[in-house]
């Protein structure tokens, strides 16, 4: 299948960078844009096609960039607009696109819009935000809850109304029913498109539009996804409203006014595969929409096969393209979560991410098998972790890149003797320099996987057919009819039918038997994966 004209992301591997933790160019302990620019050669060597950078706009950092105080300037801790321009130019010279994070659901309460809006009920920007009178008992206007616990409302004493806050009280929700808000964000999109960004990752893309009547959300039952059950309600009226699709159809029009190569990547935090699919429209809304069923899935064959199979059926190639990730800035890194610290399983997970039908998104450090880092209580910075405890530990997945194994010299991240904004992990056990020198390292395995994907059209564009055996710990699937991926997630060896004639091993997680011919039944050890290529399919689908 040839991608639609301009939709480079269907062939691409994206790489998420948390800018405060990637590389510190000025020696203040905080990663910055010049630091990213200085390490673009690492990304070019690795073979990624685009970088998505978590928020760089001006912020008081109540939620570390996700509380925006100016959408058209750079936070001074991270750099300047000139640094953005230099980064885009340097990335372009290496064939790497730059995607920025956009946070349209809410602003910081320090944003000039909100400062003015809360000055009086008649303020010009008042209706740019979601305000409501108290309930008859003086409490919140309805039962909506915040993603960060507690009511989704904060009482503003000065005007006697509540403003909506889907996250922290420092993050006030915008009113997307107001055409002035929509027009302003169209201007913001154009501001960054004019600077050459390749697109946007859209924060909480499903939440922008709220029910105009502010109706109560219904309660959950045992059929709902565990995250909704944790909240105690289905987000029927404060998220995933049908009107949000009007926003993305319009944004897609703006993107394509520039050219068809501008990407809209949505953080679609919904737990209904059909709802995810709807964010693509008829290939006229988002270009990619994250699948959180997959991100939060247990690392077992039955669960993963079901999640991927449902998404593959719901998102046909003529209307959209799936996207897969195992780590991000809000979640446990997959070498810690899925792989439980076992590098063999981490390699299997990485092979899975890079061989499924869809676009893989790697999180910085995934290429190293970088685990979560324990952050002591007195160094915690994430407001959610501080509020609810280690049930949520986002700081653990946001610690600095160890470019070298020497903490005394700043581990290549910052200047010698400087304390980084979050602590390093075990840099001697996991760092770029040592893995770069070791051809058997996770880093080299990641690079070889990316090279294989780039060289193998079936892995980039081919269809997906599950050929696993019911009840097995081995997940086996075809990409078109000439490439087979076999992933043993269990501990025990197994025997798996080879579905191809004249087949050979292209790549193995343990680097053993690469190039060897295979036929009949493949003997595969536990916690091992292989990619096989051959001529034609000779085995009927044996799945459920």
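The values are calculated or read from the model by the stated rules, or taken from the named source; none is laboratory data. None of these values were measured; they are calculated from a predicted model. Because the Cβ atoms are built from the backbone with ideal geometry, glycine has one as well, and the counts that use them run over all protein chains shown.
Scanning the range 231-269 for residues that are over 18 Å from residue 97 (Cβ atoms), touching a helix residue (DSSP H, G or I) at 6+ places or on another chain (Cβ under 6 Å) and touching a residue at least 40 places away in the same chain (Cβ under 8 Å) turns up 268, 269.
Residue-by-condition table, conditions (1) surrounded by fewer than 20 Cβ atoms within 10 Å (Cβ to Cβ); (2) over 19 Å from residue 475 (Cα atoms):
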{"site": "281", "(1), (2)": "yes, yes"}
{"site": "291", "(1), (2)": "no, yes"}
{"site": "299", "(1), (2)": "yes, no"}
{"site": "306", "(1), (2)": "yes, no"}
{"site": "316", "(1), (2)": "yes, yes"}
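Is it the case that some residue within the range 43-58 is modelled with pLDDT under 95, assigned to a loop (DSSP other than H, G, I, E, B) and in contact with a helix residue (DSSP H, G or I) (Cβ under 7 Å, 6 or more places away or on another chain)? No, the range 43-58 contains no residue that is modelled with pLDDT under 95, assigned to a loop (DSSP other than H, G, I, E, B) and in contact with a helix residue (DSSP H, G or I) (Cβ under 7 Å, 6 or more places away or on another chain).
Could you tell me whether any residue of the range 90-108 is farther than 28 Å from residue 16 by Cβ and not in a loop (DSSP other than H, G, I, E, B)?
If we filter the range 90-108 for residues that are farther than 28 Å from residue 16 by Cβ, which is where we start, we get none.
No, there is no match, as no residue in the range 90-108 is farther than 28 Å from residue 16 by Cβ and not in a loop (DSSP other than H, G, I, E, B).
Once the range 401-425 is narrowed to residues that are free of Cβ contacts under 8 Å to residues at least 24 places away in the same chain and assigned to a loop (DSSP other than H, G, I, E, B), the residue that is nearest to residue 47 (Cα to Cα) is 406. Determine whether the range 318-332 contains at least one residue that is under 22 Å from residue 458 (Cα atoms) and out of contact with any helix residue (DSSP H, G or I) (no Cβ under 9 Å at 6 or more places or on another chain). Yes, that holds for at least one residue. Looking across the range 401-417 at every residue that is out of contact with any helix residue (DSSP H, G or I) (no Cβ under 6 Å at 6 or more places or on another chain) and surrounded by fewer than 16 Cβ atoms within 10 Å (Cβ to Cβ), the one that is nearest to residue 23 (Cα to Cα) is identified as 415.
The residue that is nearest to residue 203 (Cα to Cα), among those in the range 63-81 that are part of a loop (DSSP other than H, G, I, E, B) and within 21 Å of the chain's Cα centre (by Cα), is 66.
Of all residues in the range 426-435, those being assigned to a helix (DSSP H, G or I) and either surrounded by 17 or more Cβ atoms within 10 Å (Cβ to Cβ) or touching a helix residue (DSSP H, G or I) at 6+ places or on another chain (Cβ under 6 Å) (or both) number 3.
If you check 241, 201, which single one turns out to be out of contact with any strand residue (DSSP E or B) (no Cβ under 9 Å at 6 or more places or on another chain), surrounded by 15 or more Cβ atoms within 10 Å (Cβ to Cβ) and within 27 Å of residue 323 (Cβ to Cβ)?
Numbers: 201 fails: out of contact with any strand residue (DSSP E or B) (no Cβ under 9 Å at 6 or more places or on another chain).
It is 241.
Select from the range 386-400 the residues that are assigned to a loop (DSSP other than H, G, I, E, B) and at pLDDT below 95 and write down the one among them that is surrounded by the fewest Cβ atoms within 10 Å (Cβ to Cβ).
Selected residue: 391.
Just so you know, in the range 369-385 the residues that are over 21 Å from the mean Cα position of the chain (by Cα) and in a helix (DSSP H, G or I) include one that is farthest from residue 339 (Cα to Cα), and it is 378. Residues in the range 1-32 that are in the same structural domain as residue 419 (by TED's automatic domain parsing) and over 20 Å from residue 265 (Cβ atoms): 20, 21, 23, 24, 25, 26, 27, 28, 29, 30, 31, 32. For the range 447-456, the count of residues that are touching a helix residue (DSSP H, G or I) at 6+ places or on another chain (Cβ under 9 Å) and at pLDDT below 95 is zero.
Please work out if residue 395 is farther than 27 Å from residue 44 by Cα and either out of contact with any strand residue (DSSP E or B) (no Cβ under 9 Å at 6 or more places or on another chain) or not assigned by TED's automatic domain parsing to the domain that holds residue 329 (or both). For residue 395, the condition - farther than 27 Å from residue 44 by Cα and either out of contact with any strand residue (DSSP E or B) (no Cβ under 9 Å at 6 or more places or on another chain) or not assigned by TED's automatic domain parsing to the domain that holds residue 329 (or both) - is met.
Within the range 457-479, the residues that satisfy the criterion of being modelled with pLDDT of 95 or more and in a loop (DSSP other than H, G, I, E, B) are 462, 463, 467, 468, 473. I'd like the full set of residues that are touching a helix residue (DSSP H, G or I) at 6+ places or on another chain (Cβ under 8 Å) and modelled with pLDDT under 95, limited to the range 371-385. 385, the sole residue that qualifies. Of all residues assigned to the range 438-448, none qualifies as being assigned by TED's automatic domain parsing to the domain that holds residue 17, buried (at least 23 other Cβ atoms within 10 Å of the Cβ), closer than 16 Å to residue 30 by Cα and within 22 Å of the chain's Cα centre (by Cα). Do we find a residue being more than 26 Å from residue 114 (Cα to Cα) and without any contact (Cβ under 8 Å) to a residue 40 or more places away in the chain anywhere in the range 17-28? So far as the range 17-28 goes, yes, one or more of its residues are more than 26 Å from residue 114 (Cα to Cα) and without any contact (Cβ under 8 Å) to a residue 40 or more places away in the chain.
Which of the following residues is on the phi < 0 side of the Ramachandran plot, touching a residue at least 12 places away in the same chain (Cβ under 8 Å) and surrounded by fewer than 19 Cβ atoms within 10 Å (Cβ to Cβ): 524, 532, 469? Write out each step before concluding.
Numbers: 524 fails: surrounded by fewer than 19 Cβ atoms within 10 Å (Cβ to Cβ); 532 fails: surrounded by fewer than 19 Cβ atoms within 10 Å (Cβ to Cβ).
The unique qualifying residue is 469.
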